[in-house]
Structures are given as C-alpha cells and as structure tokens.
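Structure, as structure tokens:
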Amino acid sequence: MRKKLVVANWKMNNTQDEATRLVSSIVSQINGLTINNVEVVISPSYVYLKEIVELTKNDEHISVAAQNCSEHLKGAYTGEVSSQMLSSIGVKYLIVGHSERRTYQKESNSLLKQKVDVALSNNLIPIYCCGERLEERNAETHYSVVENQLNEGLFHLPMDAISKLVIAYEPVWAIGTGVTATAAQAQEMHQFIRSVISKKYNPTIANTISILYGGSCNAANASELFACKDVDGGLVGGVSLIANDFVKIVESAISN
Ligand code: 13P
C-alpha cells in the first residue's frame, strides 16, 4: 500500500516563538491520533529545522523536510545550505522545485535535476513539485507542461532511485488563491502522472510512488481530494500555519 503524507510547507513564515508554539501544538494533537499509514511532515525555514527535528523526534509519524538546498555538494557557496548539512541534522525530506522557487528564483528543470541528485546522494527524499500555470491550463497544455517537468527533472533517475521519491502536483493557479483544483481535476492529473511514470519505468514503480496534491488544500476540501484513488495526501501551505486546521487535514488523510 502506498504511504500517505501530509506535508506542512510553512514557507517564509513564523518567528521563533510562533514556530515552537505551532509545532508543539501539532505534535501534541498528532500524539492523540491513531495513525497507521500516514506520515506527517513539517517543513519550516532552515533556521528552525534543528529545533523541529528535536521536538518531533519521539513521534514516529512525524518527520521534517527542508524547503530547499544547494545543488552543490559543498564548498565556496556563501549563503547556501547543502543537502549533506540537512541530512546530518536529521532532516528526512527535501521539497524540490516548488513553483515559488521556479518563479522567483528562476529555478529550471535542469537545476532541479541537480538538486534531486545531491539530495538522493545524501539520503534525503525529494518531494518533487510539478504543476501548470493558469494560462497553460487555459491553453490545454497542462499535461505536456507537467510531463516535461517530470522528464527534465526526474526521469534521468534509475529505477531504484525514482521509487524512493515523492511527487507533489501543485497547480500554480491553486496556490494561495483559495481556488482548489476539483477532486476530478486532481485525480485526472495524478492518474496522468502515474501513467507517465509507468510508461517510462513500469507499473509497479508507478504504483509505489506517493503523489501529493497541493494548492488551497484546507480542512473542508481535504477529505474529498484525499478520497481520490491517485491522491496520496497533501502539500499544505497557508492552512499548515493553523495547528487545529492542519490536524483536521491529517485526520482526513487517516480516514481516507
Ligand atoms: P497553499 O496551501 O497556501 O495554497 O499553498 C500550497 C503550497 O504551495 C504548498 O507547497
């Protein structure tokens, strides 16, 4: 059975006190739940990673992700953080290719390919983000855009590496807008992503990889999204800053 994940992408939010309060509240509420096949992942900014690894280390259902890393292994890259550093403090996942980084930092698929490689070589599990812009959906090029993001950023990987990965489909038009993809739109794109992986690799690998949905996911719509056959959880932005609502999303993943 594929693992379900609910990932809290805090983006560039929270002061030290807010971060500590938020993670403490999430941890205490998650502790009270019966969780089988769901992993909760918290992704704060770099400065809180070590503390959050510490605060979550006693809960086997909670892990930590970084939001970015350098494409380089180590060396004279002032201001950068390496995947090896992240791995050495107990970070498990790495968000790669979030649309905000593709847009604001101009990250290309070929750069993301390098980040995927350094992450895997340092035992971080990439959560590789893909998704089309509104104009691409309107022009009905959304499938080819997503396929291209997968092709150029991921499909150089051998079978044993690709099967370790998590993919997140985040339509750009749904991020932070309050406009969620419908369950049907999410399901058809997730099914498409799985079919592309199946063609490139094989059906077993395609069925192993967890594919998360992200984009205005909230306590009210999570259940319908997570009930879709090919949706294996969520990558949550804004609502992950509200402990009670985020935990409701986790509960939706548990019950679907
Ligand atoms: P929102 O949940 O705020 O739409 O953000 C989604 C996202 O970008 C998660 O990575």
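Let me spell it out: the conditions are (1) more than 16 Å from the ligand (Cβ to nearest atom); (2) under 16 Å from residue 55 (Cβ atoms); (3) surrounded by 18 or more Cβ atoms within 10 Å (Cβ to Cβ), and residue 38 meets all of them except one. Which number is the exception?
Condition (2) is where residue 38 drops out.
Considering every residue within the range 123-132, establish whether at least one is in a helix (DSSP H, G or I) and surrounded by 15 or more Cβ atoms within 10 Å (Cβ to Cβ). Break it down stepwise before answering.
Quick first cut of the range 123-132, residues in a helix (DSSP H, G or I) only: none.
No, the range 123-132 contains no residue that is in a helix (DSSP H, G or I) and surrounded by 15 or more Cβ atoms within 10 Å (Cβ to Cβ).
Quick check: anything in the range 55-72 polar (S, T, N, Q), at positive phi and touching a Pro at 6+ places or on another chain (Cβ under 9 Å)?
Within the range 55-72, not a single residue is polar (S, T, N, Q), at positive phi and touching a Pro at 6+ places or on another chain (Cβ under 9 Å).
Out of all the residues in the range 12-35, which are crowded, with 18+ Cβ neighbours inside 10 Å and either without any contact (Cβ under 8 Å) to a residue 60 or more places away in the chain or touching a Gly at 6+ places or on another chain (Cβ under 6 Å) (or both)?
Residues satisfying the conditions are 19, 23, 27.
For residue 91, which of the numbered conditions (1) over 15 Å from the mean Cα position of the chain (by Cα); (2) crowded, with 19+ Cβ neighbours inside 10 Å; (3) not basic (Lys, Arg) fails to hold?
(1)
How many residues does the range 41-72 hold that are part of a loop (DSSP other than H, G, I, E, B) and surrounded by 14 or more Cβ atoms within 10 Å (Cβ to Cβ)?
As a first pass, look at the range 41-72 and keep what is part of a loop (DSSP other than H, G, I, E, B): 44-45, 57-61, 67-72.
Add one more test, that the residue is surrounded by 14 or more Cβ atoms within 10 Å (Cβ to Cβ), and what stays is 44-45, 59, 61, 67-72.
Within the range 41-72, residues that are part of a loop (DSSP other than H, G, I, E, B) and surrounded by 14 or more Cβ atoms within 10 Å (Cβ to Cβ) number 10.
I'd like to check something: does the range 7-18 contain any residue that is among the basic types (Lys, Arg) and over 17 Å from the mean Cα position of the chain (by Cα)?
no
For the range 31-48, enumerate the residues that are more than 16 Å from residue 235 (Cα to Cα) and either at pLDDT 95 or above or over 20 Å from the mean Cα position of the chain (by Cα) (or both).
Scanning the range 31-48 gives 31, 32, 33, 34, 46, 47, 48.
I'd like the full set of residues that are part of a helix (DSSP H, G or I) and either in contact with a strand residue (DSSP E or B) (Cβ under 6 Å, 6 or more places away or on another chain) or not hydrophobic (A, V, I, L, M, F, W, C) (or both), limited to the range 178-196.
Within the range 178-196, the subset part of a helix (DSSP H, G or I) is 183-196.
Of everything in the range 178-196, those that are part of a helix (DSSP H, G or I) and either in contact with a strand residue (DSSP E or B) (Cβ under 6 Å, 6 or more places away or on another chain) or not hydrophobic (A, V, I, L, M, F, W, C) (or both) turn out to be 185, 186, 187, 188, 189, 190, 191, 193, 194, 195.
In this structure, does residue 168 turn out to be more than 16 Å from the chain's Cα centre (by Cα), touching a residue at least 24 places away in the same chain (Cβ under 8 Å), crowded, with 17+ Cβ neighbours inside 10 Å and within 15 Å of the ligand (Cβ to nearest atom)? Reasoning before the result, please.
Details: more than 16 Å from the chain's Cα centre (by Cα): no; touching a residue at least 24 places away in the same chain (Cβ under 8 Å): yes; crowded, with 17+ Cβ neighbours inside 10 Å: yes; within 15 Å of the ligand (Cβ to nearest atom): yes.
Spelling it out, it is not the case that residue 168 is more than 16 Å from the chain's Cα centre (by Cα), touching a residue at least 24 places away in the same chain (Cβ under 8 Å), crowded, with 17+ Cβ neighbours inside 10 Å and within 15 Å of the ligand (Cβ to nearest atom).
Considering the range 73-110 alone, what residues qualify as being more than 20 Å from residue 54 (Cβ to Cβ) and within 13 Å of the ligand (Cβ to nearest atom)?
Across the range 73-110, the qualifying residues are 95, 96, 97, 98, 99, 100, 101, 102, 103, 104.
Kindly indicate the residue of the range 196-225 that is without any contact (Cβ under 8 Å) to a residue 40 or more places away in the chain, away from the ligand (no atom under 12 Å from the Cβ) and of a type in the set (S, T, N, Q) and also surrounded by the most Cβ atoms within 10 Å (Cβ to Cβ) among those meeting that condition.
Among them, the one singled out is 223.
Condition check ((1) among the small types (Gly, Ala, Ser); (2) farther than 16 Å from residue 209 by Cβ; (3) part of a helix (DSSP H, G or I)) across all residues:
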| site | (1), (2), (3) |
| --- | --- |
| 106 | no, yes, no |
| 116 | no, no, yes |
| 136 | no, yes, yes |
| 148 | no, yes, yes |
| 151 | no, no, yes |
| 155 | no, no, no |
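The values are calculated or read from the model by the stated rules, or taken from the named source; none is laboratory data. These figures come from a predicted structure and were not determined experimentally. Note that each Cβ is placed from the backbone with ideal geometry, even for glycine, and that neighbours are counted across all protein chains shown.
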